[in-house]
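Can you keep this structure in mind? I'll have questions shortly.
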Amino acid sequence: MNEQPDTTADPQSVGPPADGQLSGSGLAAEKARRLGLVDAMRDAGGNPYPYRFDRSHTLGEMRETWGHLEPGIETADVVTVAGRIMLKRDSGKLVFTTIRDRSGDVQLFISKAVVGDDEFSAIKDLDLGDWVGVAGTVMTTRKGELSVKSDSVVLLSKAIRPMPDKWHGLNDTDTRFRQRYADLIVNENARRNFEIRHETVASFRRTLASKGFIEVETPVLHPEVGGAHARPFTTHHNTLDMELYLRVAVELYLKRLIVGGMERVFEIARTFRNEGTSTRHNPEFTMMELYQAFGDWNEVMDISEELVTTAARDALGTTVVEIRGEQIDLADPWPRKRMIDYASEGTGVELHPSMPIADVRKVAADHDVFVEDRWGAGKIIEELFEKTSESSIVRPTFVTGHPTEISPLARVDRNDPFLTERFEIFVDGRELGNGYSELNDPVEQRARFEDEQAAKEAGDAEAGSVDEDYIRALEYGMPPTGGLGIGIDRLVMLLAGVDSIKEVILFPTLRPEAH
RNA sequence: GCCUCUCUAGCUCAAUGGUAGAGCAGUGGACUUUUAAUCCAUUGGUUCUGGGUUCGAGCCCCAGGGGAGGCACCA
């Protein structure tokens, strides 16, 4: 940001590059110089932006095939490769450049004697950042560096803007997140994080497909907010003249599909919540939700462990990750512990949502936990859990048995009517996922919705309302079902070992750039 | 929304309230096995913006903007 107004937009105003009369050498002058090269190339009948280039190998494939060569070997193996010029070492009649494609990098060995005077001088005009296509033979240098002894180097796309520092890269977070393209060009870690993200999602799809899950797509525009306690983004449909909400969850739609008999469904869903940003939150994020008929929370806890450990294996090649300096094997069984037990230990007071509300409020007051008047014991216990315990959960853990009051879509615990058969997965102090035995009794669901409605009317901006269509669906009969949601962004954070969600979202939400 | 930090050349960073600098990139030159190539020379600045204090402000003060971290929010 804060760069000068672009005064080089009109290439006609730019002189030839070698006249030595360019004013200054700031960004504008640098762009003018490069645009001058583009013009000169066109004047000479060349095309600085050709339509295509055929490769025989990616650079990674080259390294796989010839990476073992001893130093000082010249093969007769012909390759055509392409990449961006990342480094350039000019020693007179010999130029070394390092080009990089998605799969790796390789050195070009460019000799004036091989390519001829004219092409050699054209190659000297190439800049860091230019895309080039190369034909040549495979060789290694005396020091053993795998190289392409280049017969021809053609420009595939001229870079007009200089790359960030070739050694220090790009550190400024503002620029890194706004200009992710520049971040990806120079920061290996950025590329790695998004490869891990891809591998994670691909792994989920494979695991779920192997279990007979069907991937579905449900509406992003919802007429009602449901499936999570969250503030929605609102929008408006013009011709229908109606308010719509960007989804805060996909739960209620996926369970309609279970009613319809689809048995095992999942969706990898971009989800929107109108909340502040932080190292753990972005207003739009990605959740995987799945629902499985005929099972309960036990099945989906097992699936949770399998999905995450398999994703780690697929993305990292290991199930061991480092969290807060501790080596943790995600493949070890995840401990299970009730929320009320965490809260009880954390406060030193035995807590249960059946307790008199006054007693629970007193514990909250003793621990400086703010309490709204309308909150019941269950909600307060959750707040106490968050205050006393949440941040100290490091290894993946199922926190179970959430009070019924805070779980309007979860089925009541078969052994305790004040609790639900619900779990949240916590890792590194963050919530990673959430699942439960699904409430499928339409009468009870209506009663829970009505409690939500009451909370909403009492001022809870995140409470839901009665979703009549969802009740109607349940009235047709939903089989016993287990459901699960996993935050993809947070899982990728865990696997990539990064502390900010912005490191795993390509284009995180930012304020518009000031001009 | 609140608090703290931060914003200087294309990039990475310096600069007691006293002439805005370096490295890389760029430009000119040397070099046929370099590896962030090296060596010599060299261009480049509205110090985020607007006010103020001061003989003098990149630096101090006020207001605004962007970003980061923390808090709040996030069942």
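The values are calculated or read from the model by the stated rules, or taken from the named source; none is laboratory data. None of the values given here were measured: they were computed from a predicted structure. Neighbour counts run over all protein chains shown; Cβ positions are idealised from the backbone, glycine included. Keep in mind that these areas ignore ligands, DNA and RNA; they rest on the heavy atoms of the full protein, side chains included. Shrake-Rupley method; radii C 1.70, N 1.55, O 1.52, S 1.80 Å.
Pull up the range A:465-514, narrow it to residues that are open to solvent by 20 Å² or more (accessible area, probe 1.4 Å) and aromatic (F, W, Y), then point me to the one that is modelled with the lowest pLDDT.
Result: A:F507.
Looking only at the range A:452-476, count every residue that is under 11 Å from A:G226 (Cβ atoms) and within 15 Å of RNA strand B (Cβ to nearest atom) and tell me the total.
So the answer is 6.
OK, next. Going through A:V95, A:V78 one at a time, which residue ends up being outside any loop (DSSP other than H, G, I, E, B), buried (at least 19 other Cβ atoms within 10 Å of the Cβ) and at negative phi?
Working: A:V78 fails: buried (at least 19 other Cβ atoms within 10 Å of the Cβ).
After applying the criteria, what remains is A:V95.
From the list A:F449, A:F426, pick out the single residue that is crowded, with 18+ Cβ neighbours inside 10 Å, closer than 26 Å to A:D332 by Cβ and either more than 15 Å from RNA strand B (Cβ to nearest atom) or at pLDDT 90 or above (or both).
Numbers: A:F449 fails: closer than 26 Å to A:D332 by Cβ.
It is A:F426.
Looking at A:S437, is it surrounded by fewer than 17 Cβ atoms within 10 Å (Cβ to Cβ) and either hydroxyl-bearing (S, T, Y) or at pLDDT below 95 (or both)? Lay out the reasoning, then the answer.
Details: surrounded by fewer than 17 Cβ atoms within 10 Å (Cβ to Cβ): no; either hydroxyl-bearing (S, T, Y) or at pLDDT below 95 (or both): yes.
For A:S437, the condition - surrounded by fewer than 17 Cβ atoms within 10 Å (Cβ to Cβ) and either hydroxyl-bearing (S, T, Y) or at pLDDT below 95 (or both) - is not met.
Determine whether the range A:315-331 contains at least one residue that is assigned to a helix (DSSP H, G or I), surrounded by fewer than 20 Cβ atoms within 10 Å (Cβ to Cβ) and within 22 Å of the chain's Cα centre (by Cα).
We begin by selecting, within the range A:315-331, every residue assigned to a helix (DSSP H, G or I); these are A:315-316.
If we keep only those that are surrounded by fewer than 20 Cβ atoms within 10 Å (Cβ to Cβ) too, we end up with A:316.
When the remaining residues are screened for being within 22 Å of the chain's Cα centre (by Cα), the result is A:316.
Checked the range A:315-331: at least one residue is assigned to a helix (DSSP H, G or I), surrounded by fewer than 20 Cβ atoms within 10 Å (Cβ to Cβ) and within 22 Å of the chain's Cα centre (by Cα).
Let me ask you something else. Give all pairs with beta carbons closer than 6 Å in which a residue from the range A:292-305 that is assigned by TED's automatic domain parsing to the domain that holds A:M478 meets a residue that is of a type in the set (S, T, Y) and open to solvent by 10 Å² or more (accessible area, probe 1.4 Å); count only pairs at least 6 apart in sequence or on separate chains.
From residues that are assigned by TED's automatic domain parsing to the domain that holds A:M478, the pairs are A:W297/A:Y436.
Return yes or no: is A:Y253 part of a helix (DSSP H, G or I), within 16 Å of RNA strand B (Cβ to nearest atom), open to solvent by 30 Å² or more (accessible area, probe 1.4 Å) and under 28 Å from A:L474 (Cα atoms)?
Details: part of a helix (DSSP H, G or I): yes; within 16 Å of RNA strand B (Cβ to nearest atom): yes; open to solvent by 30 Å² or more (accessible area, probe 1.4 Å): yes; under 28 Å from A:L474 (Cα atoms): yes.
Here the answer is yes, as A:Y253 does meet what is asked.
I need a count of the residues in the range A:124-172 that are near RNA strand B (Cβ under 6 Å from one of its atoms), open to solvent by 30 Å² or more (accessible area, probe 1.4 Å) and in contact (Cβ under 8 Å) with a residue 12 or more places away in the chain.
Residues that pass the stated criteria total 8.
Right, here's the next one. Just checking, does the range A:349-356 include any residue being closer than 27 Å to A:L384 by Cα, part of a helix (DSSP H, G or I), in contact with a helix residue (DSSP H, G or I) (Cβ under 9 Å, 6 or more places away or on another chain) and not assigned by TED's automatic domain parsing to the domain that holds A:F194? Full working, then the answer.
Restricting attention to the range A:349-356, the residues satisfying the condition of being closer than 27 Å to A:L384 by Cα are A:349-356.
With part of a helix (DSSP H, G or I) added as a condition, the list becomes none.
Checking the range A:349-356: not a single residue is closer than 27 Å to A:L384 by Cα, part of a helix (DSSP H, G or I), in contact with a helix residue (DSSP H, G or I) (Cβ under 9 Å, 6 or more places away or on another chain) and not assigned by TED's automatic domain parsing to the domain that holds A:F194.
Hey, among A:I214, A:I185, which residue is touching a residue at least 12 places away in the same chain (Cβ under 8 Å), more than 10 Å from RNA strand B (Cβ to nearest atom) and buried (at least 18 other Cβ atoms within 10 Å of the Cβ)? Before the answer, list the steps.
On the way: A:I214 fails: buried (at least 18 other Cβ atoms within 10 Å of the Cβ).
Answer to the selection: A:I185.
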